[in-house]
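Report on the following structure.
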Amino acid sequence: MSEDLLSPFLLSFKLAFLTTLILLVLVMPIAYFISFHTFRFKPIFKAIVSLPMVLPPTVLGYYLLVAFQPEGVFGALADSVFGIRLVFSFAGLVLGSLIFSLPFMLNPILSGIENLPISYLEVAQTLGRSKLYSFVNVLLPNIKPNILNGIAMTFAHTVGEFGVVLMIGGSIPDETKVASVAIYQELEALQYDNANFYAMLLLIFSFVILLIINFLGKIK
């Protein structure tokens, strides 16, 4: 088995690992803000955050491509401030992955918090605990299965995404050519053995992720 053949799959795992790790940190203040604050446009805010779950990947990929190009808002900012090119680069894939995988991490956590008995917070407030203390030491420890579910779903979704990564990353070997893109290219080149190799690995991986999610669902 050649290293070149494994490269797209390893790149997919690298992208998924970084995306999952960063989102796990980023969603906590978002979840805290949504859980403890009431504001008029809260439903609209939650809808915007969840939009990548229902928006066709090519549509999201197109708008990200427009924003990430050197003349775009984010592209120009990243280039002028950090000297980073977002279009057709691994950095662009990471940023795009953070956007399209955000709801897969955030929504399970919010769902777990919303389903907790209100008595958890009432007891903490009775003891004079702050909202931040209650969030970190009361709510989060009681939704561990939801957090693990969000981690698993985010990782799996990032590994399997095709439309968005192709639009903003293209297919640069060892840079943006992830496994899902590699399958498409191998089929175009009529290399069915290689396409089957990538597809089989993703199939096994997806099955394992589903087993993990089902197992986590039984954890109390």
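Bear in mind that the values in this text are calculations on the coordinates, not laboratory data. Since we're looking at a predicted model, the values are computed, not measured. Don't worry about glycine lacking a Cβ; one is built from the backbone with ideal geometry, like all the others, and counts go over all protein chains shown.
Cross-link reach is defined here as a Cα-Cα straight distance under 16 Å, omitting same-chain residues fewer than 8 places apart; for LYS46 the aspartates and glutamates meeting it are GLU114.
Full extension of the segment from SER111 to ALA91, taken as 0.36 nm per residue of separation minus the current Cα-Cα distance, would add 4.2 nm.
In loop segments of segment 3-47 as defined by DSSP, the chymotrypsin sites (Phe, Trp or Tyr not before Pro) with at most 12 further C-beta atoms inside 10 Å of their C-beta are PHE39, PHE41. Taking label points 7 Å from Cα along the Cα-to-Cβ direction, LEU21 and PHE41 give a separation of 3.4 nm. To the nearest ten degrees, helix 192-216 and the longest principal axis of the Cα atoms of the chain are 10 degrees apart. Would you give the gap between the C-alpha center of segment 132-204 and the C-alpha center of segment 75-125, rounded to a whole Å? About 15 Å separates the Cα centre of segment 132-204 from the one of segment 75-125. Length gained on full extension, LEU132 to ILE48: 27.8 nm, using 0.36 nm per residue less the C-alpha separation. Here the relative contact order of the chain, from alpha carbon pairs under 8 Å that lie six or more residues apart, stands at 30 percent. What angle, in degrees between 0 and 90 and rounded to the nearest 10, separates the Cα long axis of helix 57-68 from the longest principal axis of the Cα atoms of the chain? Roughly 90 degrees, rounded to the nearest 10.
Rounded to the nearest 10 degrees, the angle from helix 90-114 to the longest Cα principal axis of the chain is 30 degrees.
Taking 0.36 nm per residue of separation and subtracting the current Cα-Cα distance, fully stretching the chain between THR58 and ILE84 would add 7.0 nm.
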